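Contents: one structure, followed by commentary.
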Amino acid sequence: FIDNINKHIDENIIPNNVDHSHTLVGQINRNEKSKQLTFPLEDKFGIDFKNNISGIASNLIQNPAGYNKPMIAHCFEAWTVHSYEGDYNPLHAHGVHTNAGLSMILYLKVPECISEKPDEDLNRLKLNGQHYVKPKKGLLLLFPSWLQHCVMPFFGEGERRTMSANFNLVEKKN
């Protein structure tokens, strides 16, 4: 799944180069390859992705072990973030068009300078109420769109590639 998404990004999203940064707070500009690109949800690949990821998000919302709410998640926008040494995202939340919403981060590529770092380094100066997540290829994070979060810079070779999306939540009709 992740390899197919990366292939689609390499063959379609990067060559199309549709800038998405004007809607984002990210400081993704430290390298000539640093980019935030629109991931269209209208073509065949995008529709399939949107349907799959909306199903996963809907399951989280409806599942008794999750939020246990009679709602459906509709993915309405997605973008890719191509970060290199020094790139970061300051503290921010995401916007949706409904009263409640979800946001997503999917790790698609993680450079060795991050993946080989010991986990205990992440929590060295952690404050109460904070949670650090070590990026791992294939890790999917779904969270309320209002949740304040940030992405720390890294220092070393390679690309940290993520995909983000936002979901509107609507009442489930019988």
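The values are calculated or read from the model by the stated rules, or taken from the named source; none is laboratory data. A quick note: this is a predicted structure, and the numbers were derived from the prediction, not measured. As a convention, Cβ positions derive from the backbone with ideal geometry for all residues, glycine included, and neighbour counts pool all protein chains shown. To get the accessible areas, we keep the full protein, side chains included, count just its heavy atoms, and leave off ligands, DNA and RNA. Shrake-Rupley method; radii C 1.70, N 1.55, O 1.52, S 1.80 Å.
Descriptive notes on the structure:
- With a cut-off of 14 Å between beta carbons, the residues surrounding residue 27 carry a summed charge of +1, where Lys and Arg count +1 and Asp and Glu -1.
- Most fluctuating residue given options 41, 60, 24, as computed from a GNM of the chain linking Cα atoms under 10 Å: 24
- About the Cα centre, charge dipole magnitude for the chain (Lys/Arg +1, Asp/Glu -1 at Cβ), debye: 520
- Contour excess over end-to-end distance, with Cα ends at residue 98 and residue 7 and 0.36 nm allotted per residue: 29.5 nm
- Lys/Arg +1, Asp/Glu -1 at C-beta; the stretch 9-90 dipole; positive extreme among 34, 49, 70: 70
- Within the accessible area of the chain (1.4 Å probe), percent carbon and sulfur: 51
- Excluding ligands, DNA and RNA, the accessible surface per residue across the stretch 23-139 is 58 Å² with a 1.4 Å probe.
- Distance between the pseudo-spin-label points of residue 150 and residue 65 (7 Å out from Cα toward the beta carbon): 3.3 nm.
- Charged neighbours of residue 12, selected by a Cβ distance under 12 Å, balance to -1 (K, R count +1; D, E count -1).
- Dipole-positive endmost among 163, 80, 130 within the chain (Cβ charges, Cα centre): 130
- Gap separating the Cα centres of the stretch 30-90 and the stretch 136-173, nearest whole Å: 7
- The chain: C-alpha gyration tensor shape, a/c 1.5 cut-off, then a/b vs b/c: oblate
- Candidate residues 134, 7: accessible-area rank, largest first, probe 1.4 Å: 7, 134
- Three-way shape label, the stretch 1-64, alpha-carbon gyration tensor, a/c 1.5: prolate
- In terms of its Cα atoms, the stretch 130-174 spans 51, 22, 13 Å along the principal axes, sorted from long to short.
- GNM top mover of 50, 117, 136 - the chain, alpha-carbon springs below 10 Å: 117
- Ordering 60, 103, 142 by Cα displacement along the dipole of the chain toward the positive end leaves 60 in first place; charges were set at the Cβ atoms of Lys, Arg (+1) and Asp, Glu (-1).
- Mean separation of Cα contacts under 8 Å (6+ apart) over length of the stretch 27-73, as relative contact order %: 21
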